Amino acid sequence: MITTILHLVYFFDIFFPAVLLGAAISPGKTKFENSIPLEHIKENKVNIFIGVPSTIQLIKNYHKNKKTNLIFDVFILTGEPFLMKLIPYIYKIFKVKKLFNCYGSTETSNWTFFHKCSPNDLIKFPDEPYTPIGKPFKNVKVKIKNKELIINGPTVSQGYIKQSLNKGIFVLSNKNKDNVYYTSDLVKKSFSKYFCIGRKSNLVKIRGYRVDISEIEYVLKKNKHIDNAIIYEKSKTNYENYLVAIILSKKKYQMQN
């Protein structure tokens, strides 16, 4: 029986393969179990891990370099950029047979690109801060235009329900396999591998979740006491990024701890 820990939830990414393979799903039940899931993994005999890289960073911050006896058949990280320096840490504290970095989005599925990671990646790509997203899965077609990654294939959705949001993002057809999605992710190709190098839009990743900065600014500006607002992302350490708001207001506010 395969047991999998569920951290980043998408139906077809997790539940359908689990049912198909006769696997059991073992989601964390508390915030701590999701953030630092080592005890949960041990108690539930998890041998397939699916989560976000920031979870590994939290484990590293909490447990430092303490080794575990945990063994994984498959270890999949997805949902946000995967720091190259975390690869040797994973192999140091866990026994991992296969480690993958997967790339995708809600619009295309999390399993659009994949890269099988190894400590050799640090030698092969010494100047890259992040692990490559690798290569696309079968039947997924990609092209790069002005550094933006464009995806075409059966994994591309039918677009957003609100049709006005599709402009400039989706090119839709009557046949699902012909749909085209402009990801807003900037990429480059090196040694037949794709690397993400930034974003074209105002979307940022906070603990694996996409956050639109312009939407937050819009909501703040609707407040009658706020004349203007600017949001920007700030990083304290690896994966400890947060948003900062600069607000222009005629009303005086008292800062509280």
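Throughout, read-outs are computed from the coordinates displayed, never taken from laboratory work. Quantities reported herein were computed from a predicted structural model and do not represent experimental measurements. Don't worry about glycine lacking a Cβ; one is built from the backbone with ideal geometry, like all the others, and counts go over all protein chains shown.
Annotations for the structure displayed:
- Residue-wise HN-Hα coupling along segment 77-83, computed from phi with Karplus coefficients 6.51, -1.76, 1.60 (Hz; x: Gly, Pro): 10, 7, x, 7, x, 9, 4
- Summed over qualifying helices (DSSP H, 4 residues or more, each -39500 (n - 2.57)) and divided by its residue number, the chain shows a 222 nm mean residue ellipticity of -5000 deg cm²/dmol.
- Estimated FRET transfer efficiency when R0 is 51 angstrom, pair Ile71-His225 (beta carbons, to 0.05): 0.35
- Under Karplus coefficients 6.51, -1.76 and 1.60, residue-wise ³J(HN,Hα) of segment 147-164 in Hz, glycine/proline x: 6, 7, 7, 10, 10, 9, x, x, 7, 6, 6, 8, x, 7, 4, 7, 4, 5
- Relative contact order of the chain, pairs being alpha-carbon contacts under 8 Å that are 6 or more residues apart, as %: 11 percent
- Spatially proximal aspartates and glutamates relative to Lys95 (Cα-Cα < 15 Å; intrachain offsets below 8 disregarded): Asp73
- Within the set [x] 19.1, 62; [y] 17.4, 61; [z] 20.1, 62, the number that Rg and Dmax of the Cα atoms in Å takes when calculated for this structure is listed as [z].
- Candidate cross-link partners of Lys141 among the aspartates and glutamates, defined by an alpha-carbon separation under 14 Å and a same-chain spacing of 8 or more, comprise Asp178.
- Mean Cα-pair separation over length for segment 55-106, i.e. relative contact order, pairs under 8 Å, 6 or more apart, %: 47 percent
- Considering only beta bridges that DSSP places wholly inside the chain, some 70 percent are antiparallel.
- Cross-link check: pairs Lys97/Lys124; Lys60/Lys193; Lys200/Lys252; Lys98/Lys205; Lys67/Lys188; Lys85/Lys221 evaluated at a Cα-Cα cut-off of 29 Å; pairs beyond the cut-off: Lys200/Lys252; Lys67/Lys188; Lys85/Lys221.
- Segment 15-62-segment 214-248 distance, computed between alpha-carbon centres (Å): 32 Å
- Each Cα pair under 8 Å and six or more residues apart adds its separation to the average, and for segment 202-257 the resulting relative contact order is 27 percent.
- Annotation: extensible slack from Lys250 through Ile144 equals 33.5 nm (criterion: 0.36 nm per residue apart, minus Cα-Cα distance).
- Taking a Cβ cut-off of under 11 Å around Ile231, the surrounding Lys, Arg, Asp and Glu residues balance to a net charge of -2, with basic ones at +1 and acidic ones at -1.
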